[in-house]
């Protein structure tokens, strides 16, 4: 079994568990430079046209 199929199974299982608790939304953050992860996330059902995430980091 390759990494992608394990990842897809993990995401599918996680989403099914989430929906079983009557959660209506799952949000996923990813590094903006990680294009391969973006493609994977879209393939498993996440959309990019719905929300925008903003991140503040400590100046220290």
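The values are calculated or read from the model by the stated rules, or taken from the named source; none is laboratory data. All values reported here derive from a predicted model rather than from experimental measurement. A quick note on method: Cβ atoms are made from the backbone with ideal geometry, for glycine too, and the neighbour counts reach across all protein chains shown.
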(request) Quickly run through the stretch 1-29 and pick out the residues that are farther than 29 Å from residue 57 by Cα and assigned to a loop (DSSP other than H, G, I, E, B). (result) 1, 2, 21, 22
(request) Check residue 12 against each of (1) free of Cβ contacts under 8 Å to residues at least 24 places away in the same chain; (2) surrounded by 12 or more Cβ atoms within 10 Å (Cβ to Cβ) and name the one condition it does not meet. (result) (1)
(message) So, in the stretch 35-60, exactly how many residues are assigned to a loop (DSSP other than H, G, I, E, B) and either at positive phi or out of contact with any helix residue (DSSP H, G or I) (no Cβ under 6 Å at 6 or more places or on another chain) (or both)?
(response) 16
(message) With the structure loaded, tell me whether residue 32 is at pLDDT below 90, surrounded by fewer than 10 Cβ atoms within 10 Å (Cβ to Cβ) and in a helix (DSSP H, G or I) or whether it fails that test.
(response) no
